[in-house]
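First comes the structure, then the notes that go with it.
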Amino acid sequence: MHFGRFLEVSIPTADIQASLEFYVRLGLTELETRDVRDYHYTVVTDGRLALGLHAEQISVPSLSFVQPDVAQKLLELEVLGEDIVSQRTGEESFNEATLMAPDRIPLALLEAPSFSLGLLADADAPAIGQVHSLALPARFPESAAKFWLKHGFTEDATPSASNRRVLTPGLVLELDRNLREGDLRLDFWTSDLGPATALVERWQIEAERESSSLNLKAPEGTRISISRIA
């Protein structure tokens, strides 16, 4: 895959403790992070996808990948004409860079993971189910899909209304024309909505209820859809 190994969905939050408590109450697991950030940062997971909660440095949701040779990869991306918005490389620093995907979605390339990737598999699946896909805004899904396919993603042939779905190991992206720039939605699938409903009621979490789904919003604004799938 051109960007490297997928690491996390990086989410900015003004109140990292409130966001952390929200996800933990839904059953996600907090992971131990490595000392590569000079600000408050933590990670939670459903055992499949990692969510990085960032108190500083990022202002909009982004996707982070591990790319051991950031400098070389930047040269390749520049040849392809990609929009590199920041970079820090050198023997004395933690190498990282950011480029822009369609619809102003930042992609971060990091020389090493900020937490042990092996911890994901050890985390228990929460009662609300696990993330099936991550929905990102795409004003023109067809055009956006071409970007991801060019960089090593494959297309999911599963019908999805007028949206497009692309994937790489550890990540399924739903390119959703109905989301606005800066929006993000986590689509959880579960065989039973009962446990999720019980958690929402226990913690008095505001939710929109439909016949086969619950729609929530995390303190930092992340949209969460929990759907019952037979």
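For segment 121-171, the gyration tensor built on C-alpha atoms gives a prolate shape. Its axis ratio a/c (a ≥ b ≥ c) is at least 1.5, and a/b is the larger of a/b and b/c. Measuring r between the beta carbons of residue 76 and residue 154 and using R0 = 22 Å, the FRET efficiency lands at 0.65.
With contacts taken as Cα pairs under 8 Å and at least 6 residues apart, the chain reaches a relative contact order of 20 percent. Applying the criteria of a DSSP loop state and at most 16 other Cβ atoms within 10 Å to the GluC sites (Glu not before Pro) of segment 46-155 yields 56, 91, 92.
Charge tally for residue 119 (other residues, Cβ to Cβ under 13 Å; Lys, Arg +1; Asp, Glu -1): -4. Counting Lys and Arg as +1 and Asp and Glu as -1, what is the net charge of the other residues whose Cβ lies under 12 Å from the Cβ of residue 99? Neighbourhood net charge equals -3.
Potential lengthening of the chain between residue 140 and residue 223 amounts to 27.8 nm, from the contour at 0.36 nm per residue minus the alpha-carbon distance. Projecting the Cα atoms of 189, 178, 224 onto the charge dipole of segment 125-228 (Cβ charges, centred on the Cα centre) puts 178 farthest toward the positive pole.
Here the chain is treated with +1 on each Lys and Arg Cβ and -1 on each Asp and Glu Cβ, and its dipole about the Cα centre works out to around 700 debye. Relative to the longest principal axis of the Cα atoms of the chain, the long axis of helix 16-25 makes an angle of roughly 50 degrees.
The angle between the Cα long axis of helix 70-79 and the longest principal axis of the Cα atoms of the chain comes to about 80 degrees, rounded to the nearest 10. Residues whose amide H falls under 5 Å from that of residue 132, counting only those 5 or more places apart or on a different chain, are 187, 188, 189, with hydrogens built in the peptide plane. Here segment 109-230 is assigned +1 on the Cβ of each Lys and Arg and -1 on the Cβ of each Asp and Glu. Its dipole about the Cα centre then comes out at about 360 debye. Within segment 156-219, the GluC sites (Glu not before Pro) that combine a DSSP coil assignment with at most 15 other C-beta atoms in a 10 angstrom radius are 181, 206. As a rough footprinting exposure proxy, the listed residues 114, 211 were ranked by other beta carbons within 10 Å of their own, and the order from fewest upward is 211, 114.
How big is the antiparallel share of DSSP beta bridges in the chain, given as a percent to the nearest 5? Of those bridges, close to 70 percent are antiparallel. With a/c under 1.5 counting as rounded, go ahead and sort segment 112-198 into rounded, prolate or oblate using the C-alpha gyration tensor (a ≥ b ≥ c being the square roots of the eigenvalues; past the cut-off, prolate if a/b is larger than b/c, else oblate). Here segment 112-198 falls in the oblate category.
Taken about its Cα centre, segment 1-49 carries a charge dipole of roughly 220 debye when the Cβ of each Lys and Arg holds +1 and the Cβ of each Asp and Glu holds -1. Cα centroids of segment 203-230 and segment 18-76: how far apart, whole angstrom? Between the Cα centres of segment 203-230 and segment 18-76 lies a distance of 22 Å.
Taking every DSSP beta bridge that has both residues in segment 5-120, what percent is antiparallel when rounded to the nearest 5?
So the antiparallel bridges amount to about 75 percent of the total.
Just how far, in whole angstrom, is segment 111-133 from segment 140-196 if you go by their alpha carbon centroids? Here the answer is 18 Å between Cα centres.
In the chain, helices alone account for a calculated mean residue ellipticity at 222 nm of -5000 deg cm²/dmol, with every DSSP H run of four or more residues adding -39,500 (n - 2.57). In terms of packing, defined here as the mean over residues of other Cβ atoms within 10 angstrom, the peptides 124-133, 26-35 line up highest first as 124-133, 26-35.
Bear in mind these aren't lab numbers, they're just calculated from the coordinates by the rules spelled out. Only a predicted model underlies this, so the values are computations on that prediction, with no experimental measurement involved. Virtual Cβ from ideal backbone geometry, glycine too; neighbours counted across all protein chains shown.
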